[in-house]
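To start, the structure itself, in structure tokens.
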Amino acid sequence: MCKNEEICRACDWTMDSMKQGLRTSGLVLIVAVMAVAEVPSAIAIKDAHVVTVSGADLPKATVLLRDGLIQDVGPNLAIPADAWVIDGTGLTVYPGFIDGLSTWGIPGAAATPARTAAGVAPTPAPKPAATPSASEEPPRHGPEDRPQNHSFERAADMVTPSDQRLAAARAAGFTTAATFPNQGIFEGLGAMIDLAGARGRDMVVAQPIGQQILFRVSGFGRSGFPNSLMGNIAYVRQLFLDLNQYKEAQQMYEAHPAGNRRLEYDHDLEGLAESPRLLLPADEEQQIDRILSLGRELKHPFVLYGLHEAYKRVDELKQAKVPALISLKWPEKPKDADPSDIPNYRDLSMRQQAPAVPGMLAKAGVSFAFYSDGLDTAPDLKKAVKKAVDAGLSRADAIRALTLSAAQIYGVSDRLGSIEKGKIANLVVMKGDAFEDKTTVEYLFVDGTEFEPSKDLQKPPANKEREQKPAAAEGDTN
Amino acid sequence: MRRGISIGCLLALLAACACAQTTLIRNATVLTVTKGTIENGSVLIENGKIAAIGKNVSAPADATVVDATGKYLMPGIIDCHSHTAIEGGVNEGTVSDSSMVNIKDVIDPTDINIYRGLAGGLTISNVLHGSANAIGGQTIVVKLRWGKSAQEMIMQGAKPGIKFALGENPKRQGYPGSFFSAAPVERRYPGTRMGVEEVIRESFTEAKNYQAEWKEYNERVARGEHPIPPRRDLRLEPLVEVLEGKRYVHAHCYRSDEILMLLRVADEMGFKIRTLQHALEGYKVAKEIAEHGAGASTFSDWWSYKIEAYDATPYNVAIMMRHGVVVSVNSDSDELQRHLNLEAAKSMRYGDLTEDQALALVTINPAKQLGIDDQVGSIEVGKSADLVLFDQHPLSNYSKALKVWIDGHEYFDRERDLENRPKFDQRKKELLDKETANPKPAVPSK
């Protein structure tokens, strides 16, 4: 692809090292990282169509990357002598895509199922050797026992570049993800991560970025509070009351320690206190109403996720000024549905209309981003966004939802989400328009490091029966 | 309103058309329940209230006139025991006292059973937590305003409640193992009727301590001290409200001995039982129930479906009533709630109730039990226009609800429903065809 043979060779060599580094572990990885350091620190993508998102589209411009940052962007930039040059003729440069709510980077975490986003999800079955699950804990008798509470755990401490789903995500144009541990009701503190790095800690762009809450029930044959949606809601409400009391008591104690008993340190509440925003599940119309009202009651900034039936609540979302994370796992006819079953009217409507939600929210001016929700192959992700575009979302708004809007929702638009001078060099370079069948991701930059995603990962599997998803070896959904 | 196409939405739009307007229902047999029956009577609805009742009621020129010649108008039916429209579980049965959970949080206004209830003349439901534990969740009274949001369905001015349960259901969790699976289940206290009593006494003792703790805190603050604020406890707050008379207790019970137990515990702790739910052996202790001032909400003629329901009689309603207990007949079921008028009629066969007494079992009596009889439950001037028009006498097996109004809005119209069915079928067919024509678009299948 590169016109300049020297660069091409250098690229190949780097890529090989990188791939090897990702495939193998430990020492080799470190060697590979050291090797990257020898790569010239500047890259120029010239004569490309640049979709900056924050500003005007530049039909023919150069993007200059240096030291992992976007050094400059514009037409007729002088290309420094030390820069590698990529000829962008016929290519389009977008900001790297951001998964608005993800488990990418945490190999053990399966994604949140979409349809249960605001109903009640079953507590995942215990995994023998993995982290201790809720079922192995003693039964909990109420909110005061803090069942399924991981509020203080940090995605930033869990992410690893060895998650095999990262390659597939990059092949779909994703450079970044708002990653949350998928565990319990209070899931833990999320992190905005870049989808490549030598070590987990190198991937973390910002943290904590929020606390995801998912309603879960313990199910038949299991015990322990909560085992109903109302139990989950009461639990969340009680914890926020506890948090308020904790803060108030702390202030009171700090001001008047004499004569008052000292306070117990409570890491569950510390985790909540540290959450800049809550991610609350709401998929269907009544759930959106319910969670909007709960969110207001908690007096904590919040974001909704799910939103498949939001076509009935556009005005309410607009009025509430609450950002939305829309699941890309559109409701569909179940694969193994009984052919004699006639689906109910509401499910049918949802299957038809859910992909229209993004377009409707865009027109109404509601801030929204997309999230992968268990989709983790490039063709699936591309098709899912395309479905929203076909249902009325403009391509520009789709790109914005995947980039700047996601960054804004998490308060990191000062460093991510658009092609602007000084921002992190997360870019995706495509041949063709984004989301089209024939479009390919030619290059991808994460923190300025170049990747050439495998074309195999971008193609739908050849078999009718879908082959083993290469990226879903671990943490497959459901 | 940006609503998509679905049955719910269409009905919502139709409901929205029935705006708050002046309506005259003319020439009906008006069953007021509390003030007798008016043949060839008319009822005028203005601003959602009943404005006039009588033989000669004149209406303004712009009023919608419903000719009800040969038809029967009665107050909207009220169900004192319902589990309709609860999303995500009726029970938080994992703990013996789950008073922190609230049915109000999980009302699902899209539950089709709301509409089906309306079609049987039901207008108000007391939506209760299940009976898995001694002290269950907080309860809420809803008006079946189909097409509206959960918030809009909640009846203003109705006191919230809390569910208690005695006997087999709450103690069932005490058995080892699960009925449904071989996997061992954590035993949950209590396993006996004694334990149920103890849970209630224990929780109210805690609630009194909690009340005292806050009282002391507020007094210390008032004295200018700087105490650490106590923790707010969502489990105990509703129980304090019960003690303060701000929340009703609706207690699931069967046997006479445990009914007496509950009444004594309540007297001892200083609160009132508002209704005994089911109370199939209430007839044995009707005097004591009346003395406590509790109401009883029972079944018409359903019994022997469990051990503690063996010693029941369909004369229960009549016996309790004649001892001065306010009695209602409830559904406890999505199906029964669609014909509570017929459930009420059974008491005429068993116990010789008059027509008005029978109708009262599903109108003014449950209204009294829920503390809303100043607003609803009978056809009287000034009350909310919650009305049902039947084609025949509602105590007849052949009767069908034709129209239902809540606060003067028409929420159900049988003719319109029948008219719209082919349209809904057509829309559904279109959606199905569309899906079949374009299968699974988001998953590549090449």
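Tabulated results
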read-out: Residue count for the range B:117-148, restricted to those that are away from chain A (no Cβ under 14 Å) and over 18 Å from B:N91 (Cβ atoms); value: 11
read-out: Qualifying strands (runs of 3 or more DSSP E) (wholly inside the range B:255-362; at least 1 residues being small (G, A, S)); value: B:295-298, B:327-329
read-out: Sole exception among (1) in contact with a helix residue (DSSP H, G or I) (Cβ under 8 Å, 6 or more places away or on another chain); (2) away from every other protein chain (no Cβ under 14 Å) for B:L432, by number; value: (2)
read-out: Pair list, Cβ under 8 Å, 6 or more apart: the range B:35-64 residue free of Cβ contacts under 8 Å to residues at least 40 places away in the same chain, other residue in a loop (DSSP other than H, G, I, E, B) and of a type in the set (S, T, Y); value: B:I38/B:T32; B:L44/B:T22; B:A59/B:T22; B:P60/B:T22
read-out: Count - residues of the range B:222-251 that are in a helix (DSSP H, G or I) and modelled with pLDDT under 95; value: 0
read-out: Top-ranked residue in the range B:86-97 [being assigned to a loop (DSSP other than H, G, I, E, B) and more than 7 Å from every other protein chain (Cβ to nearest Cβ); ranked as surrounded by the most Cβ atoms within 10 Å (Cβ to Cβ)]; value: B:S96
read-out: Residue among A:L280, A:L229, A:L269 that is within 24 Å of the chain's Cα centre (by Cα) and not basic (K, R); value: A:L280
read-out: Members of the range B:149-167 that are aliphatic (A, V, I, L, M) and within 12 Å of chain A (Cβ to nearest Cβ); value: B:A150, B:M153, B:I154
read-out: So A:A337, is it modelled with pLDDT under 95 and of a type in the set (G, A, S); value: yes
read-out: Total residues in the range A:421-451, condition farther than 24 Å from A:G190 by Cα and either surrounded by fewer than 19 Cβ atoms within 10 Å (Cβ to Cβ) or basic (K, R) (or both); value: 10
read-out: Any hit, the range A:362-378, residues being in contact (Cβ under 8 Å) with a residue 12 or more places away in the chain, touching a Leu at 6+ places or on another chain (Cβ under 6 Å), within 18 Å of A:K335 (Cβ to Cβ) and not charged (D, E, K, R); value: yes
read-out: Residue count for the range B:391-440, restricted to those that are of a type in the set (D, E, K, R), within 30 Å of B:T69 (Cα to Cα) and not in a strand (DSSP E or B); value: 10
read-out: Residue among A:S340, A:S327 that is touching a residue at least 60 places away in the same chain (Cβ under 8 Å), farther than 17 Å from A:R237 by Cβ and among the hydroxyl-bearing types (S, T, Y); value: A:S327
read-out: Count of residues meeting criterion [of a type outside the set (S, T, Y), surrounded by fewer than 21 Cβ atoms within 10 Å (Cβ to Cβ) and under 21 Å from B:L359 (Cβ atoms)] in the range B:298-317; value: 3
read-out: Tabulated pairs, the range A:249-261, first within 8 Å of chain B (Cβ to nearest Cβ), second surrounded by 15 or more Cβ atoms within 10 Å (Cβ to Cβ) and part of a helix (DSSP H, G or I), C-beta under 6 angstrom, 6+ apart or interchain; value: A:N260/A:Y253
read-out: Residue match in the range B:266-287 (condition: modelled with pLDDT of 95 or more, within 30 Å of A:Q251 (Cα to Cα) and hydrophobic (A, V, I, L, M, F, W, C)); value: no
read-out: Conditions (1) surrounded by 24 or more Cβ atoms within 10 Å (Cβ to Cβ); (2) hydrophobic (A, V, I, L, M, F, W, C); (3) assigned to a loop (DSSP other than H, G, I, E, B); number of the one not met by B:F164; value: (3)
read-out: Residue list for the range A:216-233, restricted to those being more than 7 Å from chain B (Cβ to nearest Cβ) and at pLDDT 95 or above; value: A:N232
read-out: Hits in the range A:264-301 - residues which are crowded, with 20+ Cβ neighbours inside 10 Å and acidic (D, E); value: A:D283, A:E284, A:E285, A:D289
read-out: Qualifying positions in the range B:376-403 - among the acidic types (D, E) and surrounded by 21 or more Cβ atoms within 10 Å (Cβ to Cβ); value: B:D386
read-out: Any hit, the range B:413-434, residues being surrounded by fewer than 24 Cβ atoms within 10 Å (Cβ to Cβ) and under 23 Å from B:V127 (Cβ atoms); value: no
read-out: Hits in the range B:208-240 - residues which are of a type outside the set (K, R), surrounded by fewer than 16 Cβ atoms within 10 Å (Cβ to Cβ) and free of Cβ contacts under 8 Å to residues at least 12 places away in the same chain; value: B:N209, B:A212, B:E216, B:N218, B:E219, B:V221, B:A222, B:G224, B:E225, B:H226
read-out: Residue selected from the range B:91-119 under the condition more than 14 Å from the chain's Cα centre (by Cα) and of a type in the set (V, I, T), by the criterion nearest to B:V196 (Cα to Cα); value: B:V95
read-out: The range A:334-357, subset out of contact with any Leu (no Cβ under 9 Å at 6 or more places or on another chain) and surrounded by 10 or more Cβ atoms within 10 Å (Cβ to Cβ), residue nearest to A:A401 (Cα to Cα); value: A:Q353
read-out: Filter pass, A:D268 being assigned to a helix (DSSP H, G or I), of a type outside the set (V, I, T), within 29 Å of A:Y371 (Cβ to Cβ) and within 11 Å of another protein chain (Cβ to nearest Cβ); value: no
read-out: Unique residue being within 21 Å of the chain's Cα centre (by Cα) and not polar (S, T, N, Q) when the list is A:L381, A:L348; value: A:L381
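The values are calculated or read from the model by the stated rules, or taken from the named source; none is laboratory data. Computed from a predicted model, the values in this text were never measured in an experiment. Please note: Cβ atoms are built from the backbone with ideal geometry, for glycine as well, and neighbour counts cover all protein chains shown.
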